[in-house]
Amino acid sequence: MAIIITDECINCGACEPECPNTAIYEGADDWRYKDGTSLNGTVVLTNGEEVDADEAQEPVSDEIYYIVPDKCTECKGFHDEPQCAAVCPVDCCVPDEDVVETEDELLAKQRFMHPDG
Ligand code: SF4
Ligand code: SF4
């Protein structure tokens, strides 16, 4: 499953540079599929949805740092544990029970975003 940031977040910013998928953004910032990945132009996501990787997407939160579920792989393919959760001083990066994915699905997402390794 993806990791989610709860409203306990104190906006310290420690997690953002640790994410290997650039899935973490500051509140109110736009996000893009292409940020920190090999994606660009029109791409078909692993869930079949077609998106423009270059297009700015609406922030998930206007107030606190947030994680884009489509870009979070729980750090699979890069690290043994979620790096955001490892550095968060208030332990507010937690599994999102509403976005459940298998390890194979997470690894497929990681390879999709980083086909060159
Ligand atoms: S678990 Fe890993 S991939 Fe997901 S948001 Fe945290 S640092 Fe990024
Ligand atoms: S490390 Fe934790 S408290 Fe700091 S910005 Fe990230 S989620 Fe918020």
* May I ask for the angle, rounded to the nearest 10°, between helix 103-113 and the longest principal axis of the chain, with both axes built from Cα atoms and the value confined to 0 to 90°? => 70
* Rg/Rg_globular for the chain, with Rg_globular taken as 2.2 N^0.38 Å and Rg from C-alpha atoms -> 0.99
* To do: Please list the radius of gyration and Dmax for the range 1-57, considering alpha-carbon atoms only, with Å as the unit.
  => 12.9, 36
* Note down the nm distance, to one decimal, between modelled labels 7 Å out along Cα→Cβ at Asp7 and at Ala56. => 2.7
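Please compute the length gained on full extension between Glu63 and Asp91, using 0.36 nm multiplied by the number of residues separating them and subtracting their Cα-Cα distance. Walk me through the numbers on the way to the answer.
Details: separation 28, 0.36 × 28 = 10.08 nm, distance 1.76 nm.
Stretched out fully, the Glu63 to Asp91 stretch lengthens by 8.3 nm.
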* Determine the per residue accessible area of the chain with all protein chains present and a 1.4 angstrom probe, expressed in square angstrom. => 55
* Rounded to whole Hz, the Karplus (6.51, -1.76, 1.60) HN-Hα couplings of the range 46-51, x for glycine and proline -> 5, 8, x, 6, 9, 9
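The values are calculated or read from the model by the stated rules, or taken from the named source; none is laboratory data. What you are looking at is a predicted structure, and each value in this text was computed from that prediction instead of being measured. Cβ coordinates were reconstructed from backbone atoms using ideal geometry, including for glycine residues, and neighbour counts include every protein chain displayed. What goes into the accessible areas is simple: the full protein's heavy atoms, side chains included, and nothing from ligands, DNA or RNA. Shrake-Rupley method; radii C 1.70, N 1.55, O 1.52, S 1.80 Å.
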